[in-house]
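Below is one structure; the comments refer to it alone.
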Amino acid sequence: MSEEIISDVLVIGTGIAGATLAWKAAEQGLKVAVLTKGEKLHENNTYYAQGGIVSLGEDDSPELLARDIIKAGGGINNLEAVKVISEEGPKIVEEFLIKKLKVPFESENGKFKFGKEAAHSKRRILYVGDQTGKAIMELLERAVVSHPNIKVYTGHTAVDLITNTHHSTNPQEIYRKPICMGAYVLDRYTGEIKRFFARFTALATGGLGRIYLHTTNPPGARGDGFAMASRAGARVIHMEYIQFHPTSLFHRDADGFLISEAVRGEGAKLLTRNGEPFMYKYAPQGELAPRDVVSRAIYEEMHRRGDSYVLLDLASYAKFDIPSRFPGIYKKCKELGIDITREPIPVVPAAHYTIGGVFVDTWGRSSLDRLYAVGEISCTGVHGANRLASTSLLEGLTWGWRAAIDMASKDEDALPFHEIPPWIRPKREVKVDPALIVQDWVNIKHTMWNYAGIIRTKRRLGRALSDLEYLHKRIEEFYRTARVNDEIIGLRNGIVSALLVVKAAIRNEKSLGAHFIKVEENGEL
Ligand code: FAD
Ligand code: SIN
């Protein structure tokens, strides 16, 4: 009999969203099981966040913040969610990050310093050098690990959500309302698949940048949550809106290392390889135009000139000490032989943030009963068609907090966990051949980058769909007979996430924000 763990709340993922939810739920007396596939809690996107977290600057207001969010988002934002993030978000930053966790945001003479990034009308970003995510995550990790109501499971990969309608042995359950009851989870250390049951389950599994060839995201961001949610029948929306960050470091050993938008916020200019500025041709705001505009401008310039990168010149414009304002970027570039105090930085756009996801209301509740989604996996509608810089940490924090409050306010019926059987393994398990996994990933990443990337066409998307559908069939067959491990779980989820993006992009013929469909020469979309 496989192990079963029962708690009030199951949180899958330990970035800012999952860790905040876990802590806040535990503070209200709920028993929480929190799991991450990483060996450490901080193996996630949150840890790598550079620019900072949005709050309210001087002469600022929730209304001004909301206006900037909606402008960047192309006007299709969920207005209710925008109101929540701009009114509630800064209060939670104050109460939790500043007062409780004591995150050491930069300050001078007792006043916070505020950073600036593209498309913000005010300086309003709290930061810790260029390693804000690391500073927040380390403190969050400590708070979660030491909380008596939280049990942490590292090295545990959720395989699938459990629902009564999919998994119950009781034939009557198929006629009832679908309810999420927890998850089947692989213990990566023992290979066992356990059942985690909970009154409330929260997906906090982050984004899917790694399904693209070039990305700023660390290896774990392969879209597990989108695939699990869609298999369980939760509504997943806006998947065509993938945000490309304009400036990742162009270097063979950089692995998508981000050059923060704050660098442009502090005055750096984009240049072609032979030193000509070009952003003025594309947008009146120049380097500080919304990300989608800057990414496409770089892409167009690179294609027009046959270049594989453009330059970002901070050295000529900085009126401050570069190594102390951007210590992480300075160090990383120096290691790779680039001295950013003297020379421009070679940069290219890269997949950065998943705007769409599991649709949730302003309390993080998905369309599947008892399933919540928080952070990058979710789509609250805050970002509309394009995310305003540094709002995602704030969104993860706000929704993690609110989901926990909602859970604690509920007095739900007990669930029939005893009707859920242990995981069924294939009769003849085949050991996974790593070469097959590597090659399938190469196919997914290249297809997504070339056919469903910064600039899409209907023809490219059609090609992506047929190639990915074929691959999906093969991977699913492979998975059905495999001895399940983290790699095959990731591949199976990666292909499903890629298909979610491509299908959504095909359905939406209107270019807006991060989804751009180019009309081909013959006038075809
Ligand atoms: P994550 O922090 O990515 O955490 C996801 C968690 O889910 C991880 O713990 C992972 O192990 C776990 N997980 C995933 N799948 C499974 C599974 N199957 N089973 C178990 N566990 C699983 N945003 C800002 O607002 N400001 C910034 O300055 C900023 N800078 C950024 C810089 C970089 C380089 C990157 C990549 C992103 C940046 N962002 C920034 C975006 C922001 O960091 C993310 O959107 C945010 O951190 C996501 O938080 P999260 O909690 O939703 O997910
Ligand atoms: C950055 O520092 O450029 C990242 C900010 C973000 O993704 O919001």
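The values are calculated or read from the model by the stated rules, or taken from the named source; none is laboratory data. None of the values given here were measured: they were computed from a predicted structure. Cβ placement follows ideal geometry from the backbone for every residue including glycine, while neighbour counts extend to all protein chains displayed. In case anyone asks, the SASA skips ligands and DNA or RNA and just uses the protein heavy atoms, side chains included. Shrake-Rupley method; radii C 1.70, N 1.55, O 1.52, S 1.80 Å.
Observations
- Taking (1) touching a helix residue (DSSP H, G or I) at 6+ places or on another chain (Cβ under 7 Å); (2) farther than 25 Å from His418 by Cβ; (3) open to solvent by 20 Å² or more (accessible area, probe 1.4 Å) in turn, Ile136 satisfies each apart from (3).
- One residue stands out in region 210-243 among those that are of a type in the set (Lys, Arg) and over 21 Å from Gly384 (Cα atoms): the one that is least open to solvent (accessible area, probe 1.4 Å), namely Arg222.
- Candidates are the residues of region 369-393 that are within 12 Å of the chain's Cα centre (by Cα) and β-branched (Val, Ile, Thr); the one that is surrounded by the fewest Cβ atoms within 10 Å (Cβ to Cβ) is Thr391.
- Screening Glu261 against (1) open to solvent by less than 70 Å² (accessible area, probe 1.4 Å); (2) of a type in the set (Asp, Glu); (3) free of Cβ contacts under 8 Å to residues at least 12 places away in the same chain leaves a single unmet condition, (3).
- Filter result (open to solvent by 10 Å² or more (accessible area, probe 1.4 Å), closer than 18 Å to Ala72 by Cα, outside any loop (DSSP other than H, G, I, E, B) and of a type outside the set (A, V, I, L, M, F, W, C)) within region 287-311: Glu287, Arg291, Asp292, Arg296
- Meets criteria (of a type in the set (Ser, Thr, Tyr), near ligand 1 (Cβ under 9 Å from one of its atoms) and crowded, with 21+ Cβ neighbours inside 10 Å) for Ser366: no
- Which listed residue is at pLDDT 95 or above and part of a loop (DSSP other than H, G, I, E, B), from Gly18, Gly29, Gly89: Gly29
- Taking the criterion of being assigned to a loop (DSSP other than H, G, I, E, B) and within 16 Å of ligand 2 (Cβ to nearest atom), the residues of region 363-389 that qualify are Thr380, Val382, His383, Gly384, Ala385, Asn386, Arg387, Leu388, Ala389.
- In region 28-40, the qualifying residues are those that are open to solvent by 10 Å² or more (accessible area, probe 1.4 Å) and either within 14 Å of ligand 2 (Cβ to nearest atom) or of a type outside the set (S, T, N, Q) (or both), and the one that is farthest from the chain's Cα centre (by Cα) is Gly29.
- Gly74, sole failed condition from (1) touching a Leu at 6+ places or on another chain (Cβ under 6 Å); (2) surrounded by fewer than 24 Cβ atoms within 10 Å (Cβ to Cβ); (3) under 19 Å from Ala135 (Cβ atoms): (3)
- Within the set Leu97, Leu64, Leu79, Leu101, the sole residue that is open to solvent by less than 50 Å² (accessible area, probe 1.4 Å), among the hydrophobic types (A, V, I, L, M, F, W, C), more than 28 Å from Ala221 (Cβ to Cβ) and out of contact with any strand residue (DSSP E or B) (no Cβ under 6 Å at 6 or more places or on another chain) turns out to be Leu64.
- Among residues of region 167-197 being open to solvent by less than 20 Å² (accessible area, probe 1.4 Å) and more than 14 Å from ligand 1 (Cβ to nearest atom), the one that is farthest from His352 (Cα to Cα) is Glu173.
- Taking each residue of region 426-438 that is open to solvent by 70 Å² or more (accessible area, probe 1.4 Å) and looking for partners that are part of a loop (DSSP other than H, G, I, E, B) and not hydrophobic (A, V, I, L, M, F, W, C) with beta-carbon atoms closer than 8 Å, six or more apart or interchain, yields Lys431/Arg483.
- Test: residue in region 345-360 that is assigned to a loop (DSSP other than H, G, I, E, B), more than 25 Å from Pro218 (Cα to Cα) and not hydrophobic (A, V, I, L, M, F, W, C): no
- Any hit, region 394-409, residues being without any contact (Cβ under 8 Å) to a residue 60 or more places away in the chain and either farther than 17 Å from Thr14 by Cβ or in contact with a strand residue (DSSP E or B) (Cβ under 6 Å, 6 or more places away or on another chain) (or both): yes
- Filtered residues of region 228-252 (kept if more than 9 Å from ligand 1 (Cβ to nearest atom) and part of a helix (DSSP H, G or I)): Ala229, Ser230, Arg231, Ala232
- The set of residues in region 1-15 being closer than 28 Å to Glu419 by Cβ, assigned to a loop (DSSP other than H, G, I, E, B) and either within 16 Å of ligand 2 (Cβ to nearest atom) or of a type outside the set (Asp, Glu) (or both) consists of Met1, Ser2, Gly13.
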